[in-house]
Protein chains: 2
Amino acid sequence: MFCHSRKGLVWRIALVACLGFSAMRADDGMWTFDNPPLKQLKERYGFVPTQEWLDHVRLASVRFMDGGSGAFVSPNGLVLTNHHVARGQLQKMSSKQKDYVADGFYARTMQEEIKCPDLELNVLVSMEDVTARVHGAITSDMSPKQALDARKAITARISKEAKEKTGLRADIVSLYQGNEYWLYCYKKYTDVRLVMAPEMGIAFFGGDADNFTFPRHDIDMTFFRVYEDGKPVASRHYLHWNNKGAGDGELVFVSGHPGSTNRLQTYDQLLLQRDQTYPERIKGLQRRLMLLRDYAKGGTEQARQASNQIFGLENSIKALSGEYAGLLDKELMAKKAAEDKNLRDRVNADPQLKEKYGWAWDSLRAAVNRDGATAKARGYKSIKVKLYTFASQLVQAAEELKKPNGERLSQYQDANLESTKFRLFSPAPVYPGLDELRLADALQEALDGLGADDPFIKTVLDGKSPAEAARALVEGTKMGDPAVRRKLFDGGENAIAASTDPMVVLARRLAPTAKKEREWSERHIAGITARAGEKVAEARFAVYGKNTNPDATFTLRLSYGTVTGYPMNGTVAPPKTTFFGLFDRAYSFDNKGAYKLPQRYVDNMSRLDLSTPLDFVSTCDIIGGNSGSPVINTKGEYVGLIFDGNIESLPGRFLYSETTNRAVAVHSAAIVEVLRKLYDAGVLADELEGNVL
Amino acid sequence: MFCHSRKGLVWRIALVACLGFSAMRADDGMWTFDNPPLKQLKERYGFVPTQEWLDHVRLASVRFMDGGSGAFVSPNGLVLTNHHVARGQLQKMSSKQKDYVADGFYARTMQEEIKCPDLELNVLVSMEDVTARVHGAITSDMSPKQALDARKAITARISKEAKEKTGLRADIVSLYQGNEYWLYCYKKYTDVRLVMAPEMGIAFFGGDADNFTFPRHDIDMTFFRVYEDGKPVASRHYLHWNNKGAGDGELVFVSGHPGSTNRLQTYDQLLLQRDQTYPERIKGLQRRLMLLRDYAKGGTEQARQASNQIFGLENSIKALSGEYAGLLDKELMAKKAAEDKNLRDRVNADPQLKEKYGWAWDSLRAAVNRDGATAKARGYKSIKVKLYTFASQLVQAAEELKKPNGERLSQYQDANLESTKFRLFSPAPVYPGLDELRLADALQEALDGLGADDPFIKTVLDGKSPAEAARALVEGTKMGDPAVRRKLFDGGENAIAASTDPMVVLARRLAPTAKKEREWSERHIAGITARAGEKVAEARFAVYGKNTNPDATFTLRLSYGTVTGYPMNGTVAPPKTTFFGLFDRAYSFDNKGAYKLPQRYVDNMSRLDLSTPLDFVSTCDIIGGNSGSPVINTKGEYVGLIFDGNIESLPGRFLYSETTNRAVAVHSAAIVEVLRKLYDAGVLADELEGNVL
């Protein structure tokens, strides 16, 4: 599933990419709305979207801060995304008594809609190029670390000003490895209510096995409604529904929020990923997965509690394995090596270019090597269970909020504080049993990796075994209570200093070292990588010209492509599947396991027109974070709901291949077909199809 | 499709295999009925078939001399095979007015059944080990060529004696590269009548794209009835029908006639195939395919005439490409190299073994090199169009029949002459336009390859261009008339010498050189390969013991395995498909092209239970020639109809892999479902299901 794990960003942050080349390939690219691929569209498809078309699509597109995308599909604030993007919220609304993830939900009236505990949606209202201001704040005599600090200060100031002026969420977006800086202002929504979700059995039909594959048979949808001041927002910019969908060979667009790509890394950076980052990351995730599967065996309620994390882990493992396969693919790596060499050769062949940029590759390599040498140890020291994360954020907030805005860590800057607090004070339930188990395992892993004499280990374990330490921490903490967290936050530095909550005590004790290590890493890795990466990107501009698109940054992008099948496993994959295929897949596995249909599908099959298109593929270039994106035709109509890429698309993180890379979407007709015929949700279907609500 | 092209044997004949190793792998092997895998079955499945079970299955199994397999499925001579095995006969029965290949056929009564022009079926009645007699005729002081001649003489004598004694077809079968010789006696049937064939659109649904793949949705069946003395034979040994088929995880068997495998070749032999034989062979077939596709564009009748050859070429190209992919696979080749090295090392480590067998590898390599160096030129000189083949056989027959039985080419020996004449006098139509086109192209290719001064070219072209020569030969010949052929054959040497038919004249002129080249090849390639191959095989026995099965030889074999899915393209292929899947595949491609369903399927879909199993897979080890084989459960019942292997099975020619190698079959339930509900063929279904005819 093509959702975007924000956690993934942490380990990718050091892997800064550089840009060029691949934009020349057909249907390639995740384009910013300030620089749409008008030339490519005109040349290949004879279609040029108007500015009005582009603005409309942009304003109908929604970012899910949980890590996905969506779109307005009615004038009354109705937003359509994936079930798996909504899944975190569904899980948070659920309890032992009611499992919305597994069983789904439908609000027959607005009164029945359920508010999400901590879902933030964003709509990109404006984009402003602030490159000159940012670059102007940095002088050539600064060290990398000084430049990093200066950049932080100026971007914090720009954001803050914008927020104060517009009242909007104001993010600074770095594109082209810092060659451009943009101020993106978002309309932010936090009163979001669940309208309709189908059963997981159909949303995620085929489970982990079929995930990231095609032919596919999922109806991976969830409807939300956005409220403001207690009323549904009047979403003037929404996508009109087209129930015919897109036909074989038709030009379509995807507007959404791809999380990250690494297409333009230097070859050295790719080697680090291939030889260290990926294998270690996959191994770590597998360890956590085993742990959670064991936990889930404890009973129905344990299974329910762990289910969302298990899904996330399986999803990540499959995605990373597919990307890793790309890195292990000799042909792909040979292409990347040749691209890298070609750029470097051309830089070195020109004395001026060589002087300006020639050093950057070696500098990047040095940073990459330092990163590789320290990544494992840093990983052990990053404790990721919910209850500790809360404590750590509270301790950090107290520390950061003392500082001037421009010196704070980004999430505590004025422009971002509101969103940070929204998540920090979330009423969503925490499962202590699960946290304890994961914490004990993480501490054991750290102990094994760092040894008993490591200062971090001594601080955390304090003479106890990992299991004992985890138990004491989890049993003693009140971090699960949002009121306690709010009180501590509001109490500031003094309240934090006075707290005897064991998680807070631990976070306090670890904070100085964590800060020191963060600063070391900024100085020796991030700062270097940022500066050198910027130079490699600049060199690309200088050599190839600037007619390309930047690596993905979980900001709004436009992709385009054709609905079409592809060669697969000795034959051809079709451009679409039908409901016939859904029932075939179910009965091919005797309607069991991940292929068991929700009962209403079995009971009411005869109501369906089984030849209705179900899922379809296009060459649109997408990646994790695009989940929930609308597929749009040239008229700007809604024809499909992106929810995945095929297995062949996964190496697309590094290199897009039009031959086999496909974006997988639910067909618009399938959505209306089941709403009307299986969910008795004609009212919702009417709202989609434009009959007045 | 897993039919067996007998033409394929010609170019494989020099590639003699050697044996050992792989028999230890699970579900591996095509076992002779004298040596069934009782131990493996007992250990892995706890099932031991009785001798009665084995005899019954053997006597119910049918060999199609057109290159496939089948089985008796009623006590009244009803035989079930594949549509694509029957396809040649269907084509020969067809005319411009009536296309049985495309449209199918159903005889509501026996009176309506149509006799096949030249179909010979065989049932294996007895097997006798004659190794001692054959080996006894060869002494160690003979040269390889002398040994070859001596072997020919003794095997011709054994066959002739057996035929005279029993009246049966008597073949000598060389197993384990000549380490064993067996006399196989077959009951032969030549009055075979067409009972029912479905439309090609369902028999070969998905066309060339889906060929050799799974999930699959074909009903690749044709029913024949065997007659003797004008009456249906009382087929006491027939397989009882089990309409439930075989379930996921069930043990099943396949009894059929795999054409050839090359699992135990030396590494040198594989290298020749990888670097020369396969790429050249595929290139040649592609050339012929282009030619025929052009011809087919000429009109409906041209398309009909060429359709069977086009199918055969596409089928061969896809099969060979899949096998070639195996040879290009580094992992597979590394395993083969290791196997080869291991055996050779063990031979060389033992002075006695080294003396007996050590030389054989080098000798094989020398033969392989000679083969490689001459294959192309020999290929040019082999003219394969029907009208010339008849002439050439007539000339050869006159020459050979003068000789004592034991000195003749095998097809003219007394034991085989009847079958040879059956084909030679076939009333099946020949299409002169098609033959002329192919002949002109083959002559052009030969001219390009050999040059204008080559004696063969001078003889064939006689100063004309390839197109002119082909036109003159085809326009002037009467070889298309079976009565003319019979008269020439009966006229013997004198009639041949007096003939002015241009094809006969050409064949006469080419005969002496062809004979010389055949003898050179026997002396320098086949003789050496036979002797050295036998020694490598013997070495295998000496080192690993004799608990294995021989390479396939288009003789009856028993395979066993489990009905089960497999990992595929990022997910899992199910053990079976259903009729839902058939309609999904059709409508996924808008019911067009190779995915267009016969109209009766569209019109009468509602009559079908769409959850009925359609096709299914098992780990049974099969290859081309197994097409039409029955899949049998432990009770000896008919549960499925083999028609293909998946794409992953194709490298199985060299190495079987249980993980992904699957045999693809039509489910018994699908056959009855369509007979009853779509073809109004309840009488036939009743015969299958055991209600009295």
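Here, each number is a calculation from the coordinates, and none is a lab measurement. Only a predicted model underlies this, so the values are computations on that prediction, with no experimental measurement involved. Glycine gets a Cβ as well: all are built from the backbone with ideal geometry, and neighbour counts include every protein chain shown.
Values computed for the structure shown
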{"quantity": "Relative contact order computed over the stretch A:528-643 (Cα-Cα under 8 Å; 6+ residues apart), in percent", "calculated": "25"}
{"quantity": "Cα gyration tensor shape of the stretch A:151-233, rounded if a/c is under 1.5, else prolate or oblate by comparing a/b with b/c", "calculated": "oblate"}
{"quantity": "Cα pair distances of the stretch B:221-314 binned at 10 Å [whole percent]", "calculated": "11, 20, 21, 27, 21, 1"}
{"quantity": "Inter-chain shielding of B:573-579 (mean C-beta neighbours from other protein chains, 10 Å cut-off)", "calculated": "5"}
{"quantity": "D_trans [Stokes-Einstein, Kirkwood Rh over alpha-carbon pairs] for the stretch A:45-201, 4 °C, 1.567 mPa s, µm² s⁻¹", "calculated": "70"}
{"quantity": "Fewest-first ranking of B:Ile632, B:Ile622, using other Cβ atoms within 10 Å as the exposure measure", "calculated": "B:Ile632, B:Ile622"}
{"quantity": "Size descriptor, Kirkwood hydrodynamic radius, that averages inverse alpha-carbon separations across the stretch A:451-606, Å", "calculated": "23.4"}
{"quantity": "Virtual spin-label span in nm between A:Lys283 and A:Ala497, 7 Å along Cα→Cβ", "calculated": "4.4"}
{"quantity": "Links that overshoot a 24 Å alpha carbon limit, given the list A:Lys163/A:Lys516; B:Lys39/B:Lys354; A:Lys297/A:Lys386", "calculated": "A:Lys163/A:Lys516; B:Lys39/B:Lys354"}
{"quantity": "Per principal axis, descending, Cα span of the stretch A:589-681 in whole Å", "calculated": "45, 37, 22"}
{"quantity": "Nm distances between copies for A:Asp603, ranked from closest, using label points 7 Å along Cα→Cβ", "calculated": "3.7"}
{"quantity": "Ordering of B:544-554, A:445-455, A:245-255 by packing [mean C-beta count within 10 Å, highest first]", "calculated": "A:245-255, B:544-554, A:445-455"}
{"quantity": "Amide H within-cut-off set for A:Val233, under 5 Å, with H built and near neighbours excluded", "calculated": "A:Val226, A:Tyr227, A:Glu228"}
{"quantity": "Estimated Rh, the protein assembly as shown: Kirkwood, alpha-carbon pairs, angstrom", "calculated": "35.6"}
{"quantity": "A:Ile114-B:Asn591 pseudo-label distance in nm [points 7 Å out on the Cα-to-Cβ vector]", "calculated": "4.2"}
{"quantity": "Cut-off 13 Å between beta-carbons: net charge of the residues surrounding A:Thr166, Lys and Arg +1, Asp and Glu -1", "calculated": "+2"}
{"quantity": "Estimated Rh, chain B: Kirkwood, alpha-carbon pairs, angstrom", "calculated": "26.1"}
{"quantity": "Mean-position separation - Cα centroids, the stretch A:578-616 and the stretch B:384-439, in angstrom", "calculated": "56"}
{"quantity": "Projected-area average for the stretch B:531-660 over all orientations - Cα convex hull basis, square nanometres", "calculated": "11.9"}
{"quantity": "Ranking of B:Cys3, A:Cys116 by count of other Cβ atoms within 10 Å, fewest first", "calculated": "A:Cys116, B:Cys3"}
{"quantity": "Value of Rg/Rh across the stretch B:138-281 [Cα atoms, Kirkwood radius]", "calculated": "1.05"}
{"quantity": "Residues whose placed amide H lies under 5 Å from that of A:Phe47, excluding near-sequence neighbours", "calculated": "A:Lys42"}
{"quantity": "Ascending list, in nanometres, of distances separating the B:Thr300 label from those of the other copies (7 Å, Cα toward Cβ)", "calculated": "6.4"}
{"quantity": "The stretch A:30-134, Rg to Rh (Cα coordinates; Rh as Kirkwood inverse mean 1/r)", "calculated": "1.10"}
{"quantity": "Amide H contacts of A:Glu120 (H built 1.01 Å from N, under 5 Å, at least 5 apart or other chain)", "calculated": "A:Met65, A:Asp66"}
{"quantity": "Computed helical MRE - 222 nm, chain A, DSSP H runs ≥ 4 contributing -39500 (n - 2.57), nearest 500", "calculated": "-15000 deg cm²/dmol"}
{"quantity": "Candidate aspartates and glutamates - alpha carbon under 17 Å from B:Lys464, same-chain residues fewer than 8 apart omitted", "calculated": "B:Glu436, B:Asp441, B:Glu445, B:Asp448, B:Asp453, B:Asp454, B:Glu475"}
{"quantity": "Copy-to-copy label separations for B:Lys464, where each label sits 7 Å from Cα toward Cβ, in nm and ascending", "calculated": "9.9"}
{"quantity": "For the stretch A:87-100, 3J(HN,Hα) per residue [Karplus equation, 6.51 cos²θ - 1.76 cosθ + 1.60, θ = phi - 60°, Hz, x = Gly/Pro]", "calculated": "4, x, 5, 4, 5, 5, 7, 8, 8, 4, 7, 9, 10, 5"}
{"quantity": "10 Å Cβ neighbours from other chains, averaged over peptide B:236-243", "calculated": "0"}
{"quantity": "Lys/Arg +1, Asp/Glu -1 at C-beta; the stretch B:405-490 dipole; positive extreme among B:Gly476, B:Phe425, B:Ala446", "calculated": "B:Phe425"}
{"quantity": "Shielding score for A:560-572, defined as the mean number of other chain Cβ atoms within 10 Å", "calculated": "4"}
{"quantity": "Calculated log₁₀ intensity ratio I(q)/I(0) where the Debye formula runs over C-alpha points of the stretch A:81-157, q = 0.24 Å⁻¹", "calculated": "-1.14"}
{"quantity": "The stretch B:353-487 shape via C-alpha gyration tensor axes, a/c threshold 1.5", "calculated": "oblate"}
{"quantity": "Distant alpha-carbon pairs in the stretch A:411-515 (separation over 18 angstrom), percent", "calculated": "56"}
{"quantity": "Cβ crowding within 10 Å averaged over residues, with B:426-433, A:500-507, A:573-580 ranked highest first", "calculated": "A:573-580, A:500-507, B:426-433"}
{"quantity": "Global form of the stretch B:557-603, assessed from the alpha-carbon gyration tensor, a/c cut-off 1.5", "calculated": "prolate"}
{"quantity": "Relative contact order [Cα under 8 Å, 6+ residues apart], chain A, whole percent", "calculated": "27"}
{"quantity": "The stretch A:57-190 - percent relative contact order, Cα under 8 Å, separation 6 or more", "calculated": "24"}
{"quantity": "Cβ-based exposure ranking for A:Lys163, B:Lys516, in which fewest neighbours within 10 Å come first", "calculated": "B:Lys516, A:Lys163"}
